[in-house]
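Here's the structure we're looking at; comments come further down.
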Amino acid sequence: MADDLNGTANLPRQFSAYTKLEQDEGTLVASHLTANHLRRKGVDTSPQEVQGWHKINSACVTRGVDIQGAVDAANFQAQACANAILQPLSGHDADDTFVPAFSFANNGESDSDDPDESDPDDSEILSINELYGFDNPDDNDEAAIDDILKITGG
């Protein structure tokens, strides 16, 4: 028997062993044999779940999957959205109505009536749809609200 590897060091070895078994004997044999072995180790799993495990591992090896990178990007987007929404208000109008210092998108319009006056930061402001990137605007809105609730503990 090969060296006993434990923990995450054992994952690459098991992935390689399963890949070789699948190449030599086929997916059906590999997934059933692995599922039976896992059951003997106390892991209740099916051959279909083994195939799913291998599909995910194969994607990690061949497609540059970076789960932590996805988590970091989602956290950055959530924080940016929350910062934009929760940014302090800038002041009062004459009628004591608060005027927000930030808007998600200006749709190409300037806050000023003066065409010569432009805000260089306007080009950097993303809309919720640009920030989240879902095809359906309602999904983008829902994702933004979910992120705000997560950040604010609501």
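The values are calculated or read from the model by the stated rules, or taken from the named source; none is laboratory data. It should be emphasised that the depicted structure is a prediction, and the values quoted were computed from it without experimental measurement. Using ideal geometry, Cβ is built from the backbone for each residue, glycine included, and neighbour counts are taken over all protein chains shown.
Numbers below:
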item	result
Enumerated helices (runs of 4 or more DSSP H) restricted to the range 1-90, each holding at least 2 residues that are more than 30 Å from Leu131 (Cα to Cα)	10-25, 27-40, 47-62
Tabulated pairs, the range 11-29, first at pLDDT below 95 and charged (D, E, K, R), second outside any helix (DSSP H, G or I) and loosely packed, with under 12 Cβ neighbours inside 10 Å, C-beta under 8 angstrom, 6+ apart or interchain	Arg13/Ala2
